[in-house]
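> Below: one structure in structure tokens.
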Amino acid sequence: MSTSAEIEECPRRWALGAADYPALWDGRGYPPRLQLTALAGSVVHLALEIITKQLKRAGAPSQDHPRATQVLKELGGYTNIVQECVERILRRFADNPRALPLLEHARRTLRGQVPTLRTRVQAMLARLHLPSGASTAPSASDSTGQQPPRRTPLTNGTYPEVELRAKSIGWKGKADLLVLSNEACEITDFKTGSADEAHKFQVQVYAVLWRLDDELNPTARVIDRLVLAYDSRDVEVVPPSAEEIDALAKDLLARRQAAEAALAARPPAARPSADACRYCSVRHLCDAYWTGAAQAVSDDGRFGDVELRIVRQHGPTSWDAVVVRARELSANTPVLLRLQQPTTFKPGTGVRVLDGALARDPEDATAPAIVTLGAFSEAYRVE
């Protein structure tokens with residue numbers, strides 16, 4: 001799901017992000033940046049997954065059921081669950097060289113948000129009601145790290161984090177919660193951000209994938225209820241009919257084929273724009289981003305991206321430079337680059353700064369602009 005959307009928005013960005021970088025780390029793709037808002041959402045999502053699985057194993061259809069009290073006690077209570085999820089999410093970045101400088105700051109921030117995150121988890125669980133007595137099977141993404149179970153037809157039950165695969169169209173996706181009973185066939189997707197129309201399309205795609213998954217759903221049963229579970233409310237989405245599923249499947253197949261064609265180009269096409277590039281984690285690698293006019297700048301103009309050419313050293317942690325490209329600064333504008341720690345540059349070296357603090361002297365137009373690297377800024381040499 002997300003892969004297709006990323007490729008459609010910018011094939012170059014996806015290709016740069018998915019390539020191998022063995023000189024940087026042993027992980028897959030380019031090391032991702034830490035995004036605190038996204039981390040908080042991941043914590044809530046993981047807590048919901050853990051609690052939902054344990055509730056079903058205990059046969060408790062909701063957090064108000066008598067058995068739910070024992071489940072939560074065994075898990076250590078909501079606060080303990082959220083705290084453990086914070087650590088588990090951050091451990092995913094333990095080998096990420098790009099994230100290491102911010103891990104401790106992220107840990108302190110998320111720990112400070114534990115009461116709020118706990119409330120979000122409780123609010124979403126309060127609206128969740130699962131069928132009583134239905135069995136549950138381990139999901140394909142079992143967080144214990146054990147070998148995924150063989151993909152066989154699913155019987156009535158509750159299935160958290162189930163991967164749906166439609167081999168006939170080459171698509172797959174992971175549904176947060178699939179519930180099957182004699183009366184219902186439904187998918188719930190937990191959303192930890194703001195409501196978005198794209199979310200409705202996403203769960204409708206899950207309905208297509210479920211219908212076409214001939215391993216888990218060999219009888220081609222149709223989803224009859226789709227739910228988007230946000231922090232404060234549930235949103236029901238009209239599930240597609242069998243005819244609509246066929247039409248969506250054709251569209252998804254065409255999109256996959258178009259994405260494959262886009263990635264086959266060398267290099268894949270870049271589609272820079274201010275909105276699309278602002279949160280791109282590999283924009284420092286993309287020449288198309290820096291040769292156009294899409295460089296990111298905050299709404300108040302205080303932070304932004306700028307490419308510089310080093311002129312000379314100014315002080316122990318500062319360098320004189322000139323602007324090569326920046327949306328808010330003209331080319332060749334003199335700049336004082338301030339770093340957090342001593343760094344050696346050769347005159348003429350190119351430097352791409354992401355999210356640097358930008359400042360100008362309003363009373364002296366001839367004074368150099370100041371670009372300061374803060375805790376969330378990054379700087380990369382340009383060979």
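The values are calculated or read from the model by the stated rules, or taken from the named source; none is laboratory data. The structure presented is a predicted model; accordingly, all values stated were derived computationally and were not measured. As a convention, Cβ positions derive from the backbone with ideal geometry for all residues, glycine included, and neighbour counts pool all protein chains shown.
> So Asn182 fits all but one of (1) polar (S, T, N, Q); (2) over 21 Å from Glu244 (Cβ atoms); (3) part of a strand (DSSP E or B); what number is the exception?
(3)
> A further question on this structure: Can Ala288 be described as touching a helix residue (DSSP H, G or I) at 6+ places or on another chain (Cβ under 7 Å), within 20 Å of Ala15 (Cα to Cα) and outside any loop (DSSP other than H, G, I, E, B)?
Answer is yes for this residue.
> Which members of the range 344-366 meet the condition of being surrounded by 16 or more Cβ atoms within 10 Å (Cβ to Cβ) and among the polar types (S, T, N, Q)?
Selection gives Thr349 alone.
> Just the residues that are part of a helix (DSSP H, G or I) and surrounded by 19 or more Cβ atoms within 10 Å (Cβ to Cβ), please, taken from the range 21-40.
Within the range 21-40, Leu39, Ala40 meet the criteria.
Per-residue answers, yes or no, for (1) under 30 Å from Gln340 (Cβ atoms); (2) hydrophobic (A, V, I, L, M, F, W, C); (3) in contact (Cβ under 8 Å) with a residue 24 or more places away in the chain:
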site	(1), (2), (3)
Val44	no, yes, yes
Pro66	no, no, no
Gly76	no, no, no
Ile81	no, yes, yes
Asp95	yes, no, yes
Ala99	yes, yes, yes
Glu104	yes, no, no
Leu110	yes, yes, yes
Val114	yes, yes, yes
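> If you don't mind, another one. Could you pull out the residue among Ala258, Ala269, Ala294 that is among the small types (Gly, Ala, Ser), at pLDDT 95 or above and not in a helix (DSSP H, G or I)?
Unique residue meeting the criteria: Ala269.
> Applying the selection to the range 316-330, what residues are out of contact with any Asp or Glu (no Cβ under 8 Å at 6 or more places or on another chain), within 21 Å of Asp364 (Cβ to Cβ), modelled with pLDDT of 95 or more and not acidic (Asp, Glu)?
Ser318, Trp319, Ala321, Val322
> Still on this model: Can you confirm whether Gln341 is part of a loop (DSSP other than H, G, I, E, B) and assigned by TED's automatic domain parsing to the domain that holds Gly374?
Criteria met by Gln341.
> State yes or no: is Leu226 buried (at least 20 other Cβ atoms within 10 Å of the Cβ) and out of contact with any Pro (no Cβ under 9 Å at 6 or more places or on another chain)? Step through it out loud before you land on a result.
Values: buried (at least 20 other Cβ atoms within 10 Å of the Cβ): yes; out of contact with any Pro (no Cβ under 9 Å at 6 or more places or on another chain): no.
Here the answer is no, as Leu226 does not meet what is asked.
> For Ser194, work out the one condition from (1) modelled with pLDDT under 95; (2) in a strand (DSSP E or B) it doesn't fulfil.
(2)
> Same structure again: Can you tell me which residue among Ala375, Ala369 is crowded, with 18+ Cβ neighbours inside 10 Å and either over 29 Å from the mean Cα position of the chain (by Cα) or under 27 Å from His105 (Cα atoms) (or both)? Lay out the reasoning, then the answer.
On the way: Ala375 fails: crowded, with 18+ Cβ neighbours inside 10 Å.
Within the list Ala375, Ala369, the selection yields Ala369.
> Does Leu16 count as among the aliphatic types (A, V, I, L, M) and farther than 21 Å from Gly193 by Cβ?
Values: among the aliphatic types (A, V, I, L, M): yes; farther than 21 Å from Gly193 by Cβ: yes.
Spelling it out, Leu16 is indeed among the aliphatic types (A, V, I, L, M) and farther than 21 Å from Gly193 by Cβ.
> Is it the case that the range 305-314 has a residue that's within 26 Å of the chain's Cα centre (by Cα) and within 25 Å of Lys167 (Cα to Cα)?
Looking for residues that are within 26 Å of the chain's Cα centre (by Cα) and within 25 Å of Lys167 (Cα to Cα), one finds none in the range 305-314, hence no.
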